[in-house]
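Here's the structure we're looking at; comments come further down.
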Amino acid sequence: MARKLREMGILVFLISILLLTAPLTGIAAGIGEDYVRPAPRKTLSFSWPWNRKHSDGPQQVHISLAGEKHMRISWVTDDKSFPSLVEYGTSPGQYTESSDGENLSYSYLFYNSGKIHHVVIGPLDDDTVYYYRCGGQEPEFQFKTPPSKFPLTFAVVGDLGQTDWTASTLSHINECQYDLHLLPGDLSYADYLQHLWDSFGELIQPYASARPWMVTEGNHEMESIPFIKSPFQSYNARWKMPYAESGSTSNLYYSFEVVGVHVIMLGSYTDFGEYSDQYAWLKADLAKVDRERTPWLLVLLHVPWYNSNWAHQGEGDDMMAVVEPVLYAAGVDILIAGHVHAYERSERVYSGQLDSCGPIHITVGDGGNREGLAQRYHHPKPVWSAFREASFGHGELKIVNATHAFWSWHRNDDHESLSSDEVWINSLASAGCLTSGMRDFSKIQIVP
């Protein structure tokens, strides 16, 4: 029996390889919601799934927020004796502080990961450039901490993958002035091929080592094999987020605060029912939000709830039925999702109807993944859909002050200074939507 179960798991694994190399369909051109670009280019690297490129020193360096005024530095090494140590300071080559951390590794069928390091450093000064090195070895990296006051800018994109279009998206993002990167799921598109986690880490290192990347999981992070591998093993090992710092018991959902913004990262692929741990944590987290201190409230998850594309229709309905009333009661300003490989922005909406006190929903699953674009939309366009387009690109969310933010979406075809969609957004706190007469606050009490 055990042998048959293992053979079943191997079969699933081999099928994933066939899916990875499946041909991509072409698409035609147009404008606005009918605009679609040529099929995405090939994945940037490919080798057998148990092969991993070896090199000396730290690899795949990326950083993330780890509580107030702290940063987590993560990287991979081939040398198992490599110390989990980060030295850092505010001048190049002068490291006045150091911190030790933790490390782990994992095996996945024929693949063995390198040594994965996570080190938290701080406390750090706001709006400051820090220089650092990992394990006492070159090269030297640098990052800039978020500012202490508005304005604050997020770069936003989901479903990245690692094609030529991905590289184009990252290049466009690098041209903008931003403080943090938000990614609502589907990172590497490794899909069981573990070496693609390594190549993804190498691809994003120039960007993710310089600004914090805050991510949540998507379906392509699951990588479960029946009876053999539980889901999210690789994702959880490589991308440790500040879940413990925010009172969560799972790396699949957490929150953080930065410069007047409370950001909640939810898990579309872990239990979200009314008696689940995630639901209880969400209500407890929302109950702690102080809108005087953090007037903006953002939520990210993978599967969109408001989606007029043909792709992935209805997949978010179950979570929406349970969680949407809670987020509405809490006065969430903006909800950002991925999954659908296109861009769409809604008007303020709740329960399927226009509502001036509901969240704006934004889908940005257009990072450049190998599966191509979702180019078919439902017609007529729903009344809540403000703008939609099937093209690769990224978003920028600039929180200007406590009352106003500016959202822009940039198509890869265009120069970075041009945006295909843009809108000014008033915070719900400033619009009078958070008064007791406008909200059923029982929805965010701790007890379901």
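Under a Cβ-Cβ cut-off of 9 Å, what is the net charge of the residues other than Gly185 that fall near it, where Lys and Arg count +1 and Asp and Glu count -1? The answer is -4. Full extension of the chain between Arg293 and Val322 gives 7.7 nm of extra length, using 0.36 nm per residue less the Cα-Cα distance. In this rough spin-label picture, where each label sits 7 Å from Cα along the Cβ direction, the Trp310-Gln137 distance is 5.1 nm.
For Gln94 and Glu422, a Förster radius of 56 Å and the Cβ-Cβ distance give a FRET efficiency of 0.85, rounded to the nearest 0.05. Peptides 342-353, 119-130 ordered by packing proxy, namely the average of other Cβ atoms within 10 Å per residue, highest first: 342-353, 119-130. Between His70 and Asn112, the contour length at 0.36 nm per residue exceeds the alpha carbon distance by 12.1 nm.
Seen from a random direction on average, the alpha-carbon convex hull of the stretch 273-342 projects onto 5.0 square nanometres.
With the simple spin-label model, which puts each label point 7 Å out from Cα in the Cβ direction, the Ser230 to Ala402 separation comes to 4.4 nm. Count Lys and Arg as plus one, Asp and Glu as minus one, and take only other residues whose Cβ is under 13 Å from that of Val364; the net charge is then -4. Volume per residue for the stretch 254-301 equals 61 cubic angstrom (convex hull of Cα atoms). Pairs over the 29 Å Cα-Cα cut-off, from the set Lys115/Lys283; Lys149/Lys283; Lys69/Lys229; Lys288/Lys398; Lys80/Lys229: Lys115/Lys283; Lys69/Lys229. With each label modelled as a point 7 angstrom along the Cα→C-beta vector, the Lys144-Ser351 pair spans 4.5 nm.
Please report the net charge: other residues with Cβ closer than 15 Å to the Cβ of Ser81, K and R +1, D and E -1. Summing Lys and Arg as +1 and Asp and Glu as -1 gives -2.
None of the figures in this text is laboratory data; all of them are computed from the coordinates on show. As the structure is a computational prediction, the values presented were derived from the model and not from experiment. Quick reminder, even Gly has a Cβ in these numbers, built from the backbone with ideal geometry, and neighbours come from all protein chains shown.
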